[in-house]
Amino acid sequence: MTPSDKALVPFVSVDHMMQLIHHVGLDDMLRGLADYIADDFSRWELFDKTPRVAAHSPEGVIELMPTSDGISYGFKYVNGHPKNTVDGLQTVTAFGLLADVDTGYPVLLTEMTMLTALRTAATSALVARALAPKEATTMAMIGNGAQSEFQSRAMQAIAGITHVRLYDIDPAATAKCAANLSQSGLNVTACASAEDAMVGAQIITTCTADKAHATILTDNMVGAGVHINAIGGDCPGKTEIAPAILERGDIFVEYPPQTRIEGDIQQLAADHPVTEIWEVLAGHKPGRTSDKQITIFDSVGFAIEDFSALRFVRDRINGTPFFHPLDLLADPDDPRDLYGMLNRAKA
Ligand code: NAD
């Protein structure tokens with residue numbers, strides 16, 4: 001694309017996204033995304049922030065996630081439909097757009113199903129690096145669906161995890177995850193129960209999908225000193241962690257106005273104390289303060305992480321063949337002659 005093609009918008013398809021990931025390398029892409037997210041979290045206060053706009057239905061939710069740093073504007077469209085996998089569809093799919101604030105012109109349109117899995121995993125690992133016990137080597141991975149391998153690989157690449165212990169209510173999901181991770185360098189163990197998966201784990205990731213107040217972790221399962229990376233409780237009425245664990249631990253969140261609606265803390269009082277994770281990453285607030293402390297990252301996914309991922313992709317596709325120039329914006333020679341352009345198209 002050249003400057004005269006400025007009305008053509010780079011579009012990254014799923015196929016191109018997969019090629020980009022292999023071109024960059026999965027580990028480097030996860031680390032790169034974590035760096036971009038850390039960079040944007042360090043600028044947290046200058047972003048426009050709002051809880052995402054959610055349209056709920058009996059089987060799922062469709063959400064829009066906008067934000068801007070005053071220079072660029074981004075949004076993601078994402079769904080969450082736990083029953084989709086029964087029909088051969090993904091639980092979570094997404095696409096997103098980045099635009100130039102000065103002109104309002106889009107500068108990138110991209111698939112974000114793959115990208116969401118990577119950015120969620122990069123965020124989890126960035127947070128675990130700050131909150132998990134320093135000597136953490138083992139993660140329990142509960143829920144072995146679409147996100148699980150990405151979560152495991154990011155914890156390996158960014159947080160020093162060498163062992164993952166897998167559990168899912170569906171043994172086929174665990175077998176799939178174990179097979180996919182077999183060449184990763186991780187030491188992988190398939191477990192028969194969530195309790196078994198947690199044996200010797202310093203990090204516990206819950207990444208299940210159920211449109212219900214599920215209790216994946218009960219109070220008696222969680223001992224002192226662990227870090228819980230709670231991914232799957234991300235919607236009103238959809239939680240994973242027993243309230244008693246939340247009461248015992250210290251809770252870290254992305255954006256409290258959104259997490260209080262969507263996260264596991266929807267089960268707690270509206271004024272229950274939480275720490276915003278950007279403040280820990282920026283060095284303003286302490287993270288883990290003792291060996292006995294239970295730290296809980298009540299992750300729901302926030303728009304700034306998607307904005308970081310969009311920035312990363314925009315920067316990395318430059319000079320590559322991993323996008324299509326998309327004829328998305330009308331571009332009449334005379335900007336006020338849109339009608340004339342339509343007339344000429346008829347001829
Ligand atoms: P998925 O449907 O592919 O996988 C979910 C897995 O959880 C399935 O294999 C299912 O069998 C398993 N499961 C369900 N109930 C369980 C239980 N009680 N114990 C153990 N396993 C159980 O979904 P996915 O794409 O991997 O997403 C997982 C969850 O993460 C979803 O709830 C999704 O909304 C959420 N998510 C959160 C973020 C975030 O930023 N926090 C981002 C993406 C996805």
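What the table shows:
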read-out: Test for Asp100: is it away from the ligand (no atom under 16 Å from the Cβ), of a type in the set (Asp, Glu) and in contact (Cβ under 8 Å) with a residue 40 or more places away in the chain; value: no
read-out: Residue in the stretch 82-92 that is touching a residue at least 12 places away in the same chain (Cβ under 8 Å), surrounded by fewer than 19 Cβ atoms within 10 Å (Cβ to Cβ) and more than 16 Å from the ligand (Cβ to nearest atom) present; value: no
read-out: Residue match in the stretch 259-271 (condition: within 22 Å of Pro133 (Cβ to Cβ) and of a type outside the set (D, E, K, R)); value: no
read-out: Residues that are crowded, with 21+ Cβ neighbours inside 10 Å and either assigned to a loop (DSSP other than H, G, I, E, B) or out of contact with any Cys (no Cβ under 9 Å at 6 or more places or on another chain) (or both), drawn from the stretch 250-265; value: Ile251, Phe252, Val253, Glu254, Tyr255, Gln258, Thr259, Gly263, Asp264, Ile265
read-out: Members of the stretch 7-49 that are loosely packed, with under 14 Cβ neighbours inside 10 Å and part of a loop (DSSP other than H, G, I, E, B); value: Gly25, Ser42, Arg43
read-out: Identity of the residue in the stretch 114-165, closer than 23 Å to Phe322 by Cα and touching a Phe, Trp or Tyr at 6+ places or on another chain (Cβ under 8 Å), that ends up surrounded by the most Cβ atoms within 10 Å (Cβ to Cβ); value: Ala121
read-out: Of residues in the stretch 293-317 being closer than 14 Å to Val78 by Cα and of a type in the set (Asp, Glu), the one farthest from the ligand (Cβ to nearest atom); value: Asp306
read-out: Leu126 vs. criteria closer than 14 Å to Gly301 by Cα and not charged (D, E, K, R); value: yes
read-out: Total residues in the stretch 103-158, condition more than 15 Å from the ligand (Cβ to nearest atom), assigned to a helix (DSSP H, G or I) and either of a type in the set (S, T, N, Q) or in contact (Cβ under 8 Å) with a residue 60 or more places away in the chain (or both); value: 5
read-out: Residues of the stretch 217-238 satisfying the condition of being of a type outside the set (D, E, K, R) and more than 24 Å from Ala130 (Cα to Cα); value: Thr218, Asn220, Cys235, Pro236, Gly237
read-out: Filtered residue count, the stretch 266-280, keeping only those that are over 20 Å from Thr206 (Cβ atoms) and surrounded by fewer than 21 Cβ atoms within 10 Å (Cβ to Cβ); value: 7
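Computed from the coordinates by the stated procedures, all read-outs in this text should not be read as laboratory data. Note that the structure is a prediction, hence the values are computed from the model and not measured. Every residue, glycine among them, receives a Cβ derived from its backbone with ideal geometry; neighbour counts consider all protein chains shown.
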